[in-house]
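Report on the structure given below.
The values are calculated or read from the model by the stated rules, or taken from the named source; none is laboratory data. Predicted, not measured: the structure shown is a model, and the values here were computed from it. All Cβ positions, glycine included, derive from the backbone under ideal geometry; neighbour counts span all protein chains shown.
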Amino acid sequence: MHPSGAPAYALRVALGGKILAFSGDTIWTDALIRTASGADLFICECNYWEKGGGYHLDYNTLMSHRAELGCRRLVLTHMDDAMLRQIRNLDTEGAEDGKSYIL
């Protein structure tokens, strides 16, 4: 749900018995549940700390749906400055430059 002029997508990749899921830019949609369900790692955009409008997720909305996502690990990305200032206070992981992940 992101009217950028191009279709908004989510991605799921399964390899070697592991599942990686990734969300594009979006407001909350139940499609995120289908994308994240059963994933070993779900990388999800979360642009705003508080609801900021536009077509991006905010932390409070996303975390209110955390249990519904059904993924083992959640990592947030595409964060604005307010989110980046809170990265150490998140109830989940925040992506940082140079960080790598093992499924």
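Would you mention how many residues in segment 65-81 are surrounded by fewer than 20 Cβ atoms within 10 Å (Cβ to Cβ), part of a loop (DSSP other than H, G, I, E, B) and either over 10 Å from the mean Cα position of the chain (by Cα) or β-branched (Val, Ile, Thr) (or both)?
The total comes to 5.
Can you tell which of 84, 62 is in a helix (DSSP H, G or I) and either at pLDDT 95 or above or within 16 Å of residue 9 (Cβ to Cβ) (or both)?
62
Consider residue 28 carefully, then state whether it is closer than 27 Å to residue 100 by Cβ and modelled with pLDDT under 95. Step through it out loud before you land on a result.
Numbers: closer than 27 Å to residue 100 by Cβ: no; modelled with pLDDT under 95: yes.
The answer is no for residue 28.
Considering every residue within segment 6-18, establish whether at least one is of a type outside the set (Ser, Thr, Tyr), crowded, with 19+ Cβ neighbours inside 10 Å and touching a residue at least 24 places away in the same chain (Cβ under 8 Å).
Within segment 6-18, not a single residue is of a type outside the set (Ser, Thr, Tyr), crowded, with 19+ Cβ neighbours inside 10 Å and touching a residue at least 24 places away in the same chain (Cβ under 8 Å).
Considering each residue of segment 55-64, count those that are surrounded by 14 or more Cβ atoms within 10 Å (Cβ to Cβ) and among the small types (Gly, Ala, Ser), and give that number.
0
Has segment 71-86 got any residue that is touching a Lys or Arg at 6+ places or on another chain (Cβ under 9 Å) and β-branched (Val, Ile, Thr)?
Yes; the residues of segment 71-86 include at least one that is touching a Lys or Arg at 6+ places or on another chain (Cβ under 9 Å) and β-branched (Val, Ile, Thr).
Quick check on my filter: what residues within segment 37-59 are within 9 Å of the chain's Cα centre (by Cα) and either part of a helix (DSSP H, G or I) or of a type in the set (A, V, I, L, M) (or both)?
Matches in segment 37-59: 43, 57.
So, in segment 26-53, of the ones that are small (Gly, Ala, Ser) and in contact with a strand residue (DSSP E or B) (Cβ under 8 Å, 6 or more places away or on another chain), which residue ends up surrounded by the most Cβ atoms within 10 Å (Cβ to Cβ)?
By that ranking, first place goes to 36.
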